[in-house]
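To start, the structure under review is shown below, and the notes come after it.
The values are calculated or read from the model by the stated rules, or taken from the named source; none is laboratory data. Keep in mind the model is a prediction, meaning the values are calculated, not measured. With ideal geometry, Cβ positions are generated from the backbone for all residues, glycine too; neighbour counts draw on all protein chains shown. These area figures cover heavy atoms from the full protein model, side chains too; ligands, DNA and RNA do not enter into them. Shrake-Rupley method; radii C 1.70, N 1.55, O 1.52, S 1.80 Å.
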Amino acid sequence: MSGHETLAGAAARLGYGSAVVAVLPQEWANAGLQHPRLTWSVGTRYGSDGVVRRLIKVAGLLAMPRPAADVPVCVWIPTGYPDEPPSCQVEPPDQQTQLVPNHPSLELGGVVIVKGWRKECTLTTFLDELRMVFSRTPPLRRARPPATLSTPTTPYRSMLAVSGRDKRLSKAETLASLNEHLRSKALRTREESAVVAAQLETHGARVRLEIKAAELAIERMTLQTAAETAKTEKMKDRLAKGEAWVARNVGKVVHKAADLQPSDPLSCQVLEVEAEYEMCADYLRLLDGKLAAGILGPDAFVAAVLRTAAQQFRAQALLNKIARVQQQLRQQQAAVTPPSSRRKRPRERDEGTPARQVGRRVDV
């Protein structure tokens with residue numbers, strides 16, 4: 001912390017959002033109580049994109065459960081916090097301490113791998129998670145002792161030169177290691193971007209196929225609906241014509257020709273009753289068509305069928321009774337007429353109905 005500047009003032013001066021300026025002081029107050037060996041300050045950070053930024057950082061020793069040693073960390077708060085997670089780096093305190101190779105939670109250079117960050121997380125939860133991870137797997141270890149060298153015979157001034165040269169080589173190696181880390185990170189980012197682009201392309205192709213299939217299904221359903229509509233309209237037209245014909249011919253006797261109409265009342269009644277029977281059969285078929293087309297409801301269908309069936313049953317009973325009466329009349333005529341006076345009559349169209357019969361109309 002520089003001078004008497006507050007954390008909120010420093011965040012506002014560095015261009016942090018209003019939400020970060022409002023929430024960061026309270027989070028630091030809670031984190032400072034649990035981690036008293038950490039302090040905040042303003043530092044310069046070189047991003048992976050090569051841009052230099054002034055950010056707020058929290059650095060110091062992260063207290064670990066005994067007997068583990070405290071871990072020196074440096075946590076940088078990005079400007080997109082809390083949508084973006086903080087970045088953390090473990091810094092060895094001296095040359096006798098080095099990073100553990102192949103640590104599961106560290107990248108090259110001691111950068112902490114942050115996973116599962118959510119917007120609801122705070123600075124306190126982030127530090128607590130670091131302490132829990134490093135307590136299970138410490139990130140630092142003691143450096144291996146150097147190989148035993150023989151007693152040097154060079155002068156003291158030459159030793160100073162060698163020492164300075166070693167320091168310069170150490171800085172060069174550090175820069176080379178940092179450059180290698182940045183190159184590997186950029187390469188990994190490009191590979192991940194290529195994978196994401198391929199996944200998006202595959203997903204887009206699948207979505208386009210699904211849309212095309214849906215369009216074909218809609219077109220097929222539209223054609224089926226049009227065909228069903230035309231079929232229904234045609235059936236309605238036929239039913240309307242049938243109803244008109246039935247309305248015109250109810251109670252009437254239809255003859256093909258006037259000369260076919262018999263002269264006696266009993267034969268005329270047979271034709272009328274047969275016509276009524278056939279009319280009832282046609283009307284029952286008409287009712288079936290109405291029910292199948294959805295024009296007639298089930299209750300109205302049942303009521304109409306009952307009425308028509310009763311009328312058809314009465315017509316059939318009347319035909320049976322007329323047939324018995326005709327049989328009796330033929331027997332009476334045969335008994336009255338002498339055998340010698342009988343003459344052979346030509347065969348008529350209806351074998352059950354004679355050309356002339358004497359009688360009156362029959363009721364059920």
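Across every direction, the projection of the convex hull enclosing the Cα atoms of region 25-82 has a mean area of 4.8 nm².
Measuring r between the beta carbons of A197 and A293 and using R0 = 56 Å, the FRET efficiency lands at 0.50.
Solvent-accessible surface (1.4 Å probe) assigned to T124 amounts to roughly 20 Å².
Within region 68-119, the ratio Rg/Rh, alpha carbon atoms throughout and Rh by Kirkwood, equals 1.02.
Among the listed pairs K119/K185; K115/K212; K119/K212, those with a Cα-Cα distance over 30 Å are K115/K212; K119/K212. Simple spin-label estimate for E272 and R238 gives 3.3 nm between the two label positions (7 Å along the Cα-to-Cβ direction from each Cα).
Ranking D299, D128 by solvent-accessible area of protein heavy atoms (1.4 Å probe, all protein chains present), from largest to smallest, gives D299, D128. Could you give log10 I(q)/I(0) at q = 0.12, 0.26 Å⁻¹ for region 182-253, computed by the Debye formula over C-alpha point scatterers of equal weight, without solvent? Debye output, listed in q order: -0.65, -1.04. For the modelled label position 7 Å from the Cα of T174 along Cα-to-Cβ, which residues of region 62-89 have backbone nitrogen atoms closer than 13 Å? Nothing falls inside the zone, counting backbone N under 13 Å. Below 13 angstrom from the Cβ of L239, what's the summed charge of the other residues (Lys, Arg +1; Asp, Glu -1)? Residues close to L239 contribute a combined charge of +2.
Within the same chain, aspartates and glutamates fewer than 8 places from K57 are excluded, and of the rest, those with a Cα less than 16 Å from its Cα are E5, E27, E84, E91. Of the residues M279, M221, the one with the largest accessible area comes first in the ranking M221, M279, computed with a 1.4 Å probe on protein heavy atoms. For region 166-219, what class follows from the C-alpha gyration tensor (a ≥ b ≥ c being the square roots of its eigenvalues): rounded when a/c is under 1.5, otherwise prolate if a/b is larger than b/c, else oblate? Since a/c reaches 1.5 and a/b is larger than b/c, the shape of region 166-219 is classed as prolate.
Taking other residues whose beta carbon is less than 15 angstrom from the beta carbon of F301, and scoring Lys, Arg as +1 and Asp, Glu as -1, yields 0.
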